[in-house]
Structures are given as structure tokens and as C-alpha cells.
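Here the structure is laid out as C-alpha cells; the discussion comes afterwards.
No value in this document is a laboratory result; all are computed from the given coordinates. Model, not experiment: these values are computed from the prediction. A quick note on method: Cβ atoms are made from the backbone with ideal geometry, for glycine too, and the neighbour counts reach across all protein chains shown.
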Amino acid sequence: MSSKKPIPLFERKPPKRCPVCGETSYSPAGIHPQCSMRREDEKRMNRVKLIRSESGDSPSAAQDMNAWQKACPTCEAVQHARKKECDCGHIFAVRARPLADEENLGE
């Protein structure tokens, strides 16, 4: 018995590859949505860093924060986003959640 594969009848185009990560893309545009957002966010962050450097602001720990951190306005210490009070004694403002209008619920 031969182990030779048959010749395909139709040529198949190679799958589109994402230009950011190089993996096979499932998107019709040829780029993963998350890779596209990462690329655009990188451009935005580069612009923000450029503006900060041009403004001459002194570098602080607040500029190196991620989404789960916040800076204390009193001592500029970086804290976790859920922390309600800083070590220096500053109490962070808590945003009140909007309540559902009880009058509209009964209708």
C-alpha cells in the first residue's frame, strides 16, 4: 500500500496571519480584534508619554501605574485600586452607585 497523498484538485489559499502576533487570524480583516486594540493603545500611550515629557512634569510613581492601581493625592504613593485609605491617613472618595428609580419599576 502506498503512503503517497493524492494531489489536491483545488488550490487552497494560505490562511491570513495576524500582523501583530503572527498567529492564524479568524477575523475577516486579517488582524485579531485584541491585537488591533493593543496596537492602537500602544500608539495612544506613546503620545501620552510624549506629552508628559514635553510638559516638564517631574516623574512620579503615578505615571508607572496600571489599571489596578491609584495614586494618593497627599503623598503620591501608589495604592491598590480597592484600598480605601492610604498609609498616610488620606481617605479616598467612594463613588456612589446610581440607584434604580423605584417609580419606574412598578410600571
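Based on the Cβ-Cβ distance from His90 to Glu42, what FRET efficiency comes out when R0 is 30 Å, to the nearest 0.05?
Details: r = 33 Å, r/R0 = 1.09.
Taking R0 as 30 Å, the efficiency between His90 and Glu42 is 0.40.
According to the calculation over all Cα-Cα pairs in the stretch 16-57, the P(r) per 10 Å bin from zero is 30, 33, 20, 14, 3 %. Computed over neighbours whose Cβ is under 14 Å from that of Arg44, the net charge equals +3, Lys and Arg +1, Asp and Glu -1. Highest average first, the peptides 22-33, 85-96 ordered by how many other beta carbon atoms sit within 10 Å of their residues are 22-33, 85-96.
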